[in-house]
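K.L.:
Shown below is the structure under consideration.
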Amino acid sequence: MTYWLGKDVDIYITTEQLNLAVSGNITTNGMTAVSGAIWSNVGTGDYFGIPMRASGAISATKITDVTGIDFSPTTVDENVSFMGKNTNLTAEVKKSLTLTVSRKVSNPLFDYVFQHARDGAYSTNGVDEGDGAAIFDGLTTSNNQNFGYRLYLQFASGTTVAVDETLVLRNCCVTSHSKSLSPDGTTEETIEFYSYVQPLAGLSDMPMTGLTSSSAI
């Protein structure tokens, strides 16, 4: 487990779909998948949302008011025992990544994401064209390359933004969301993402917005 304060790491979020954003409307109390929408279409006025992957880790996709980030990379193992043998085999099945973000509540975005769009946007053809735009329910297919959200963790190096290291978590889905209420304090919320896809690492001037390969899913 690794824990960072919000001042130490900048975190950005987009959908995994190249041409589909997730957009919400406070009036209608729901979220929809919007084809070809940039941040200005999903984050202004009564609207709020998460832009498409083509946006990359730009400043408009930054999660604001973050107080802490907890990153826990683990593995999913399977124990295999053989009859008559004293030694058990522990086999790694897949990687498991959990990212928990705590922040001060400044908008209802993550409330709506947890209620209506835990798995991001979905294209019915399974690739990046944006055909058949819909909110992904997690039940359509288990081998889809563009579901979920992409999270960018950018670490401050103290030099220039162009050389700050960035860790990219792909195909992240929301697993839990909670709020802490206090009559004499600041309201905070915690949202937890999980992923089974190996993360990418590079410099912040490398957008790393390519489609997740089918072999990584």
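K.L.:
Extending each Cα 7 Å along its Cβ direction at D8 and K94, get the distance between those two points in nm, one decimal.
P.N.:
3.0 nm
K.L.:
Residue by residue, what Karplus-based ³J(HN,Hα) values in Hz, rounded to whole numbers, does the range 52-61 have, using 6.51, -1.76 and 1.60 with θ = phi - 60° and x for Gly and Pro?
P.N.:
Values per residue, Gly and Pro as x: 6, 4, 4, 5, x, 8, 8, 4, 5, 9 Hz.
K.L.:
Once amide H atoms are built 1.01 Å from N in the peptide plane, which residues 5 or more positions from N171, or in another chain, come under 5 Å H to H?
P.N.:
So N171 has HN proximity to Y149.
K.L.:
Just subtract the alpha-carbon distance of T67 and T175 from 0.36 nm times their residue separation and send over the number in nm, one decimal.
P.N.:
36.9 nm
Readers should treat all values here as calculations from the given coordinates under stated rules, not as data from a laboratory. Not measured: the values here are computed from a predicted model. All Cβ positions, glycine included, derive from the backbone under ideal geometry; neighbour counts span all protein chains shown.
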